[in-house]
Each structure stands twice: as structure tokens, then as C-alpha cells.
């Protein structure tokens, strides 16, 4: 019988645990990235009209996030959802989400990252190209964006911009499967 010495066995386990930690170090997991909990768990929203939908509008899985400008009394120009993620300064990250737009005429949607210091002050922000017309789900990414010096947090945001009270624009935007990958 091949029995490892107890100290060797312990060292082997510690080494394997260290490899596992090294493999996940710097990973910035998102909570509920595809809204598969059926709710907003892990996310904060601003502006009206956000809801989790499951009626065939998900990009993957069962659920997705939807927002529209069909509320005639809605005067909010900016609508968004965000989740804050701890980051390492000067380290590159890739951020992304899947976005779909229906009946979009005057409004737009985009992915945004705001870099925040340890007191929550914004240091810098980066936006993807805006989606301004109907499209099926497409992956939108901000690739290899370096966290600025002093950054403690990245605020990953899905944003819907409505320039005024809707008149002829009945746009609806879906966000699904947000992701962040340290590089």
C-alpha cells in the first residue's frame, strides 16, 4: 500500500489549494449576470421601466432584463442597471453584455464602465458604441481596458438613454449575460 507521509499529504493539499486560488485570483465574478434568479439580485437600477422578463426574450437561459420608454409620464433621460466589482489598478479587464433592441427610433443603449476610487468617486468612464436601431442580440464588449491608478471598483452598467418624453418612439432594449474577465 502506497501511503503518503502525513506532512507530505498536508503539503500536497496546501499546494493544490494554492493552485486553485491562483487560478481564481483577480477574478471579479458578477452576481446574477444573466438574471437567471428571475429578479434583480446583485444589481441596482436607476430610472423607470426596468423588469426581468422570461417570455422568449432571453439571449440565453430563461430570463433577461428589459427596459422601455413606453411610460408617457417618464421624464428620466437616463435609465440604467449596474453592479460594482472590485478591481486591481493597472490591470486590464474585458467587460461585456448581450444587447437586443426592438422598435428603437430615437433612444439608444450602451455598455458603460465607470472606474471608482475607494471612496466611490468616479475617476474615468468608458462607453461602448451606442445601439440606435433594432437589432437581434449582439455581444457588446469593452476589451482590455486598464483600470486606472487609484481604481478600487469598476461599475459595470447597462444604460438606456431617452432624450425626452417619448412621442413616437416605443423602443425596448434587452440586456443579458453581463460578464467581466480580468486579463
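Since every read-out is calculated from the coordinates, none of them should be taken as a lab result. Here the structure is a predicted model, which means the values were calculated and not measured. A quick note on method: Cβ atoms are made from the backbone with ideal geometry, for glycine too, and the neighbour counts reach across all protein chains shown.
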**Q.** the stretch 78-147: proportion of alpha-carbon pairs further apart than 18 angstrom, %
**A.** 44
Q | Extension reserve of the residue 102-residue 183 stretch, reckoned as 0.36 nm per residue once the Cα distance is removed | A | 25.8 nm
Q. Label-point separation (nm) for residue 54 and residue 134, each offset 7 Å from Cα along Cα-to-Cβ?
A. 2.8
**Q.** Listed peptides 139-147, 79-87 by packing density, highest first (mean Cβ within 10 Å)
**A.** 79-87, 139-147
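List 172, 99 from most exposed to least, where exposure is judged by having the fewest other Cβ atoms within 10 Å.
Working: 172 21, 99 25.
By the 10 Å Cβ count, ascending: 172, 99.
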Q | Alpha carbon centroid spacing (whole Å) that separates the stretch 109-151 from the stretch 42-70 | A | 19
